Amino acid sequence: MRERRETLKNPEHASRTFRLRAALAAIVVVLLSATLVGRLVYLQVVQHQTYVTRSENNRVRVEPLPPTRGLIYDRNGKLLAENRPTFNLTLVRERVDDLDATLELLVDLLDLPEAEVEEFRERSRQRQRPYQPALLMTDLTEIQVAKLALNRHRLPGVEVQTQLLRYYPDSEIMSHALGYVGRINAEELKQLDPGNYAGTHFIGKTGVEYFYEDQLHGRAGLRKVETNARGRVLRELGHTDPTPGADLTLTIDKDMQQLAYQLLDGRRGAIVAIAPQSGEIIAMASVPGFDTNQFVTGIDVKSYRDLQEDIDLPLFNRATRGSYPAGSTIKPFMSISGLREGVITPDTVIFDPGYYQLPNDDRRYRNWLRWGHGRVNLERALAVSNNTYFYSLAHEMGIDRIHDDLLDFGFGTRVAADVAGQGDGLLPSRDWKRARFNQAWYPGETLSVGIGQGYLQITPLQLAAATATLANRGHWVRPRLAKEIGDNPVPVNLPDTPPDIEIGNDAYWDSVFSGMQKVLSGVEGTARRTGAGLKYHMAGKSGTAQVFSLGQNEKYNAAELRERLRDHALFMAFAPVEDPQIAIAVIVENAGGGSTHAAGLARAMADAWILDHNSGRPVDDDSAAAGDDLAARREDD
């Protein structure tokens with residue numbers, strides 16, 4: 001047995017096996033060593049620059065430098081929108097260890113109300129790219145800044161930055177014209193240039209701020225900074241300066257804008273004033289207004305709800321979007337249309353028994369003076385605001401020609417070159433009614449349009465623009481708000497300006513102007529009391545627009561109606577007639593007769609511009625007081 005076991009053992013075989021295993025192990029070790037050496041060579045030599053860059057990026061980062069937003073001035077260099085330094089709270093999500101815990105700590109330190117907590121959390125997600133700071137809160141108080149500084153070691157990724165914040169010194173009176181900037185929302189983030197808006201947290205939302213966003217914003221710069229392991233900036237390594245936005249000079253006169261706002265005296269309405277020869281909008285007031293500064297930093301829920309639910313609609317821009325029946329202010333344009341089409345001449349006379357009847361129709365379309373004005377020609381029809389004359393004119397013209405001629409004056413269109421959010425109003429036609437109601441157009445509806453009622457709806461801006469075109473004897477100059485962008489003047493003759501209105505006989509303009517002058521200076525003029533003591537020649541037309549329709553035999557009695565069912569007061573005017581310097585449109589909602597409650601406001605605006613402005617005297621409260629005194633005098637239209 002012992003011999004058998006010794007026979008089975010083979011030393012030579014065992015030696016060979018050992019040597020083979022040792023060789024294989026050596027080969028494996030060599031291969032692994034070669035692989036390791038090769039990898040080291042690859043990393044240290046081939047990929048040297050790549051990993052140096054990555055290492056540098058862990059220590060050095062590029063931060064955007066937002067540009068300074070351009071300032072906004074009125075035509076005389078008075079500041080309307082400025083930038084004020086403020087403390088803002090930002091957060092970089094990638095540098096935060098525990099986002100939820102950090103946000104909870106911030107809510108506690110800042111003592112935020114419960115209603116704002118969810119929006120605060122939502123802002124932490126609003127950014128364009130990784131490592132870009134998200135704006136959590138603006139306009140921090142000194143106490144809030146101090147609390148954050150004391151707890152800085154507990155807030156990695158959180159920074160308090162000093163930035164410029166938009167501020168409007170005259171926010172309420174300029175609210176609808178200027179508009180405002182606000183925080184960039186998630187939808188806007190998708191549409192903006194991520195490079196140019198990196199580091200920018202605000203964007204123009206409405207008005208001039210919105211329309212001229214590209215010019216006011218500027219171009220972003222950048223800076224290269226060294227940071228520590230927690231992301232705190234240690235030093236700046238280099239930077240490229242941002243390009244500030246262009247300053248914007250508006251055509252608006254701050255004093256005239258303030259006067260318009262004061263004249264309305266809290267009553268719902270609008271006043272628009274335009275320089276006819278240049279198209280410059282001198283004033284564009286809508287009352288009531290609102291404090292636009294609330295929207296810059298983010299308006300709280302309660303305040304915003306109060307604005308939305310306010311029955312007077314302070315957020316609604318009546319000057320550009322309010323649609324109202326034109327009332328008798330449409331009659332000068334109907335006159336030009338009738339003369340242009342050859343339907344009437346300045347000498348055309350009708351007899352007014354106090355009503356008008358269509359052929360084969362028993363209904364009487366009444367004049368405002370129940371017993372009529374007797375024999376009436378064009379000038380007298382304008383001076384006394386005779387409805388019967390314009391019923392007859394509208395019937396002879398027909399709705400097709402009325403539509404086309406009023407369209408030439410800009411009704412039914414967006415007339416201004418650079419006013420954001422303009423309304424179209426409504427210029428009715430056969431095609432419009434067929435598309436809207438699937439009904440035919442009736443002759444009685446044409447009569448209503450002829451006196452500015454029925455389906456016809458205009459905006460105060462449209463009425464002012466049409467009045468300016470009328471003052472220019474048909475020459476169109478598109479209204480605009482921008483006078484200069486940076487150092488570059490905005491041209492008067494814009495490429496998309498409508499063609500001039502050709503009338504054939506220049507004397508026709510004189511006839512219409514004469515009738516409009518008699519509105520203010522004639523013995524029968526509906527606004528003769530407002531025109532008393534004028535030191536220049538002024539042409540105007542009052543209007544009283546019905547809010548609801550009366551039956552044929554019903555009589556209007558304002559005292560029996562709720563305030564919001566009473567007639568709107570309108571007035572349009574331009575002056576001086578020989579060399580028009582201002583065209584004005586006024587509407588006061590539910591105020592009553594236009595001669596009583598709107599004409600005095602237009603007179604005060606014209607006095608301030610022609611007498612005070614041209615003499616170099618400041619526009620002051622005396623003009624507003626004069627307007628109030630004139631408007632307080634009772635006179636029916």
DSSP-defined beta bridges in the chain - what % are antiparallel, rounded to 5: 95
Kyte-Doolittle at least 0.0, axis length at least 27 Å by Cα - qualifying DSSP helices, the chain: 11-41
Ranked by how many other beta carbons lie within 10 Å on average, peptides 13-22, 318-327, 156-165 from highest: 318-327, 156-165, 13-22
At most 13 other Cβ within 10 Å, DSSP loop - GluC sites (Glu not before Pro), the range 446-538: E502, E524
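Compute the length gained on full extension between E114 and V160: take 0.36 nm times their separation in residues and subtract their Cα-Cα distance, giving the result in nm to one decimal. Walk me through the intermediate numbers first.
Details: separation 46, 0.36 × 46 = 16.56 nm, distance 2.24 nm.
Going from the current span to full extension adds 14.3 nm.
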Radius, Kirkwood style, for the range 182-263 when every pair of distinct Cα atoms is counted (Å): 15.9
Gain on full stretching of the segment that runs from Q294 to R21 - 0.36 nm per residue minus C-alpha separation: 90.0 nm
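Count the net charge of all other residues whose Cβ sits under 10 Å from the Cβ of V492, scoring Lys and Arg as +1 and Asp and Glu as -1.
The answer is +1.
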Neighbour cut-off at most 15 other Cβ (10 Å), DSSP loop, trypsin sites (Lys or Arg not before Pro), the range 454-536: K535
Table column - 3J(HN,Hα) (Hz), the range 535-540, Karplus curve with 6.51, -1.76, 1.60, x for Gly and Pro: 9, 7, 8, 10, 10, x
The range 65-250 - Kirkwood radius from inverse mean 1/r over Cα pairs (Å): 17.8
Proximal lysines to K541, defined as alpha-carbon separation beneath 28 angstrom and excluding residues fewer than eight positions away on the same chain: K254, K331, K518, K555
Under-5 Å amide H pairs with I184, H placed in peptide plane, nonlocal only: F202, I203
FRET efficiency for E187 and L150, using Cβ-Cβ distance with R0 set to 35 Å, rounded to 0.05: 0.40
Formal net charge of residues neighbouring G423 (Cβ-Cβ distance under 9 Å; K, R +1; D, E -1): +1
Per residue accessible area in Å² of the range 65-250, where ligands, DNA and RNA are left out and the probe is 1.4 Å: 49
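What share of the DSSP beta bridges in the range 65-250 is antiparallel, in percent to the nearest 5?
95
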Candidate residues Y442, Y536: accessible-area rank, largest first, probe 1.4 Å: Y442, Y536
Most to least packed among 170-179, 99-108 [average Cβ atoms within 10 Å]: 170-179, 99-108
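Highest mean first, how do 410-416, 338-344, 148-154, 565-571 rank when packing is the count of other Cβ atoms within 10 Å averaged over residues?
Output ranking for 410-416, 338-344, 148-154, 565-571: 565-571, 410-416, 338-344, 148-154.
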Net dipole in debye of the chain [+1 Lys, Arg Cβ; -1 Asp, Glu Cβ; about Cα centre; nearest 20]: 3240
The range 582-595 - phi-based ³J(HN,Hα) in whole Hz, Karplus 6.51/-1.76/1.60, Gly and Pro as x: 8, 10, 10, 10, 10, 9, 10, 5, 6, 8, x, x, x, 5
Long-range HN-HN contacts of V60 with modeled amide H, under 5 Å: T227
Calculated FRET value between R564 and A440, using beta carbons and R₀ = 35 Å, to 0.05: 0.60
Local electrostatic count at M538 - Lys and Arg +1, Asp and Glu -1, tallied over other residues with Cβ under 10 Å: +1
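Counting each DSSP H run of 4 or more residues in the chain as -39500 (n - 2.57), what helix-only mean residue ellipticity at 222 nm follows after dividing by all residues, to the nearest 500 deg cm²/dmol?
That calculation yields -11000 deg cm²/dmol at 222 nm.
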Extension gain (nm, one decimal) between H537 and V349, 0.36 nm per residue minus Cα-Cα: 65.1 nm
Calculated from backbone phi, Karplus (6.51, -1.76, 1.60) coupling profile of the range 205-211 in Hz, x at Gly/Pro: 9, 9, x, 4, 4, 7, 5
Within the accessible area of the chain (1.4 Å probe), percent carbon and sulfur: 50
Estimated FRET transfer efficiency when R0 is 22 angstrom, pair A101-V301 (beta carbons, to 0.05): 0.30
Cross-link partners of K433 among aspartates and glutamates (Cα-Cα below 12 Å; sequence separation of 8 or more within a chain): E445
Neighbour-limited loop hits for trypsin sites (Lys or Arg not before Pro), the range 74-128 (at most 12 other Cβ within 10 Å; DSSP other than H, G, I, E, B): R125
Cα→Cβ-extended label distance, 7 Å offset, between D431 and I485, nm: 3.2
Centre separation in Å (Cα based) which lies between the range 385-459 and the range 155-191: 41
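With an 8 Å cut-off on Cα pairs and a minimum separation of 6 or more residues, tell me the relative contact order of the range 200-297 in percent.
19
The values are calculated or read from the model by the stated rules, or taken from the named source; none is laboratory data. All figures in this text were calculated on a predicted structure; none of them were measured in a lab. Reconstructed Cβ throughout: ideal geometry from the backbone, glycine too, with neighbour counts over all protein chains shown. Please note that ligands, DNA and RNA were not included when accessible areas were found on the heavy atoms of the full protein model with its side chains. Shrake-Rupley method; radii C 1.70, N 1.55, O 1.52, S 1.80 Å.
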